[in-house]
Every structure is written in C-alpha cells, then in structure tokens.
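Here is the structure we will look at.
What follows is calculated from the coordinates using simple rules that are stated; it is not laboratory data. Nothing here was measured: the structure is a model prediction, and the numbers come from that model. A quick note on method: Cβ atoms are made from the backbone with ideal geometry, for glycine too, and the neighbour counts reach across all protein chains shown.
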Amino acid sequence: MRTAVHFGAGNIGRGFIGLLLHHAGYEVVFADVVPGLVEQLDRDRMYRVLTLDEQVEEAHVTGVRAVLIGSPDCVREIALAEVVTTAVGLGNLDSTAAVIAEGLRLRREQNAESLLNVLACENAVRATSTLRDAVLRHVGDRADLQTWIADHVGFADVAVDRIAPNREGYATLPLDAVVERFFEWDVEKAGLVAPLKVPGATLVDELDPYLERKLFILNSAHATAAYAGYHKGLPTILEAMRDKDIARLVEAVQLEAAAALAVRHKSLTLPALTHYAESVRARFLNPHIHDQVERVGRDPLRKLSAPDRLVSPLLLAQKAGLPTPALIEAIALGLHYDNSADEAAVRVQDLIREHGVMWTAAQVTGIGDELVLGGIVEQYGKL
C-alpha cells in the first residue's frame with residue numbers, strides 16, 4: 001500500500017489534503033502535535049468529511065493512521081512514504097522541517113533508491129520552497145545527504161484554496177471535518193521528482209499566475225468584504241456580501257485586479273479571470289459559511305503591506321496605467337479598521353493618531369506615489 005504522510009491533522013488537513021490523498025489511493029498517515037487527536041485518529045482509523053453546499057454531503061476517509069510529530073514512528077513513516085504534505089501554518093514549518101530532515105536521514109539509510117515528493121499546502125506564497133530551505137538548514141553541512149536530497153526528493157510549490165468554516169452546527173463527531181465544495185490545488189511540475197497522480201490536483205508549468213490570481217482576486221475580495229463589513233457593523237462575510245454597496249465594491253476590486261493580472265500574465269485571460277471572480281463571490285454567499293469579519297480582517301499591518309492582497313494589485317494596475325478607485329477605497333477601509341481586539345489594528349490606529357493618515361498610509365503600504373496616497377487619504381476622510 002502506498003503511504004502519504006500529512007503534517008497537521010486539523011480541519012484543512014483532514015477535510016482537504018487528507019481527503020484527496022485518500023481518493024488517490026494512499027494510506028494516509030497524519031502527523032500532529034495533539035496527543036488526544038493522534039490517539040483518536042489512530043484508534044478510529046476513519047473520519048467523516050462534511051461538504052457544505054446546497055445540501056450537506058458526507059464522505060468517509062478510511063484506513064488512516066496517526067503519529068505524534070517528532071516521534072520515532074513519525075520519522076520512520078517519512079522514510080517509507082511516497083509523498084509528504086503539510087498544513088501546519090507558516091510559523092510551524094521550521095519545526096516540521098526538523099522532523100522531515102530526520103526522516104530523510106533515515107530514508108537514505110533504509111530506502112535510498114526511492115523518490116519522495118514534498119508539498120507544503122500552506123496559505124502562503126511558495127511555502128514549499130520555505131520548507132525546503134529549512135530542511136536543508138537542519139541537515140547542516142552533510143554534503144553527501146544534501147546531494148542525495150537534491151537527487152531523490154522533490155519540493156514542489158503549490159497553490160491551495162479551500163474554506164474550512166466553523167464546525168459548530170455541522171460536526172457531530174469529534175473527527176468530523178467541515179469544508180466548502182470549491183477547492184483548488186495547483187502543483188508546479190518542475191518541483192516533482194516522481195509522478196504525482198492525485199484527483200483534484202492540477203499540475204502546472206508556472207505557479208506564479210495561480211498564486212497571484214488567488215491573492216489578487218480571492219484574498220483581496222475577502223479583505224475588502226471584511227473591512228467594509230466591519231465599518232458597517234456587520235459581523236460575518238456572508239452578511240457583508242448581502243449588502244449591495246459592499247458587494248459592488250468587492251466586485252469592482254476584483255475587476256481592477258483582474259485587469260492588471262491579464263496584462264501581467266498572458267496565460268490568464270480577462271474572461272477567465274472574471275469567471276473566477278464570480279465564483280469567489282458565490283462562495284462568499286454560501287449560506288452555510290459564517291466567517292467572522294474580524295477573523296478575515298485581522299492583522300491589517302500585513303494585509304495592507306506592499307506585497308499583500310490589496311496594495312500589490314493596486315501597484316500592478318498603476319504600473320499598467322489602469323484606474324484603481326475601488327482598491328484605493330478598500331485600502332482606506334483597511335486603515336479605518338479599528339478593532340481593539342486586534343493588536344495590529346491597534347498599532348495602525350496609534351500611528352494614525354501620532355503621525356496622521358498620509359504618513360501612516362505611506363509607512364504601512366509602502367506606496368510612494370503622492371497622488372495615490374492622496375486618494376487614499378481622501379477616501380479615508382469620506383469614511
């Protein structure tokens with residue numbers, strides 16, 4: 001039986017990656033740091049995935065096993081696996097890399113001719129490359145092992161997308177995973193050292209267009225709905241998207257970003273991007289998903305920074321000579337996000353009080369164009 005080791009047995013790990021690996025015929029071995037979760041998975045050997053659509057659909061993932069991250073069993077599983085995946089969060093990749101490095105040392109001793117694909121399925125840009133670099137750091141100055149890894153281990157960057165909403169009201173069993181129907185798993189072929197045949201995974205020649213499409217059209221829309229919804233006192237993304245003014249703004253943000261992407265990437269046509277944007281808005285209106293605006297909008301210092309979901313498409317559109325009034329309004333709404341329970345939002349508000357909106361906008365966003373900054377300040381004032 002082919003095995004796949006997946007780090008992170010949370011809702012996304014079980015309901016997204018684990019489900020697809022199971023459908024591909026792998027025996028899925030979950031690695032997690034929570035002893036109770038590991039014990040229950042290893043005892044039950046199965047769990048349910050509840051897909052929220054017009055109706056709630058139920059699927060069963062069977063034949064699973066589980067190990068504690070960092071345990072000898074975990075290291076041995078890596079030595080024997082055909083594929084290793086992660087969904088642990090970007091901040092946990094370094095500790096995960098340390099365990100993978102141990103597994104690769106053992107694999108070289110026991111299974112030296114085999115090939116292994118590693119894919120970090122995190123909500124971050126090129127997380128697998130980050131994981132690979134961390135693994136090599138933990139391997140250290142073992143040149144022979146580093147050479148073996150280069151020849152036998154593929155680190156393929158991926159773009160992943162699936163909403164895993166709150167389990168409350170749907171999950172009735174402890175191991176139930178709850179997900180939306182839509183998902184996307186794009187894998188950059190160049191990083192693979194062996195064939196990867198997983199139904200639902202799309203192999204692509206170049207990943208950057210897919211990474212930017214998600215960031216510019218999905219993540220930007222999500223943030224816009226969150227900041228606009230918070231400004232109107234609406235608690236969830238669903239309620240925000242049911243507001244006609246917010247829905248229009250979200251669509252306008254997406255169209256501005258889509259126009260910029262179509263200029264940048266010839267493989268992304270404007271009609272295809274518009275269709276993708278429509279599907280994103282439909283997902284936000286799923287009546288089963290009650291995503292809190294405070295969760296989606298958290299950490300505006302990061303989400304309003306130059307490389308992220310609102311400023312990056314604005315800068316790309318500006319470079320192409322395209323208008324960006326909706327993106328400017330969305331950024332202004334982000335600067336207005338004064339959630340006292342959000343440390344980053346409090347910091348932004350402190351900066352505005354101390355230095356003013358213009359200075360804060362420039363510092364937070366990295367935008368240097370005074371006309372664009374003036375537009376943000378004008379919109380901020382209108383709000």
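Tabulated results
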quantity: Förster-model FRET efficiency, 51 Å R0, LYS382 and SER95, C-beta, rounded to 0.05; calculated: 0.65
quantity: Karplus 3J(HN,Hα) series, Hz, for the stretch 256-266 with 6.51 cos²θ - 1.76 cosθ + 1.60 (x for Gly, Pro); calculated: 5, 5, 5, 4, 5, 5, 5, 6, 6, 10, 5
quantity: Only Lys, Arg (+1) and Asp, Glu (-1) charged, at Cβ; the stretch 3-205 dipole about Cα centre in debye; calculated: 340 debye
quantity: Hz values of 3J(HN,Hα) by residue in the stretch 359-365 - Karplus curve (6.51, -1.76, 1.60), Gly and Pro given as x; calculated: 4, 5, 4, 5, 5, 6, 8
quantity: ALA31 long-range amide H proximity, modeled H, under 5 Å; calculated: HIS6, PHE7, GLY8, VAL67
quantity: Set of lysines with alpha-carbon distance to LYS232 below 21 Å, sequence-local pairs under 8 removed; calculated: LYS244, LYS303, LYS382
quantity: Convex hull projection area averaged over all views, the stretch 3-205, Cα basis, nm²; calculated: 10.7 nm²
quantity: Ranked GLU39, GLU168, criterion: other C-beta atoms within 10 Å, fewest first; calculated: GLU168, GLU39
quantity: Fewest-first ranking of VAL88, VAL56, using other Cβ atoms within 10 Å as the exposure measure; calculated: VAL56, VAL88
quantity: Long-range amide H partners of LEU115 with built H, under 5 Å; calculated: none
quantity: Volume in Å³ per residue [convex hull over Cα atoms, computed for the chain]; calculated: 149 Å³
quantity: Measure of compaction for the stretch 162-306 (Cα Rg per 2.2 N^0.38 Å); calculated: 1.15
quantity: The chain, dipole about Cα centre (Lys/Arg Cβ +1, Asp/Glu Cβ -1), debye to the nearest 20; calculated: 240 debye
quantity: Integer Hz, Karplus 6.51/-1.76/1.60 couplings in order for the stretch 212-219, x for Gly and Pro; calculated: 6, 4, 5, 5, 7, 10, 8, 5
quantity: Between helix 220-231 and the chain: long-axis angle, C-alpha atoms, 0 to 90°, nearest 10; calculated: 50 degrees
quantity: Spin-label proximity, MET1 to the stretch 24-67 - amide N less than 14 Å from point 7 Å beyond Cα toward beta carbon; calculated: 24-30, 42-47, 61-67
quantity: Aspartates and glutamates with Cα under 17 Å of LYS266, excluding same-chain neighbours fewer than 8 positions away; calculated: ASP205, GLU206, ASP208, GLU212, GLU256
quantity: Charge dipole of the stretch 3-205 about the Cα centre (unit charges at C-beta), most positive-ward option of LEU50, ALA98, LEU19; calculated: ALA98
quantity: Between helix 270-284 and the chain: long-axis angle, C-alpha atoms, 0 to 90°, nearest 10; calculated: 80 degrees
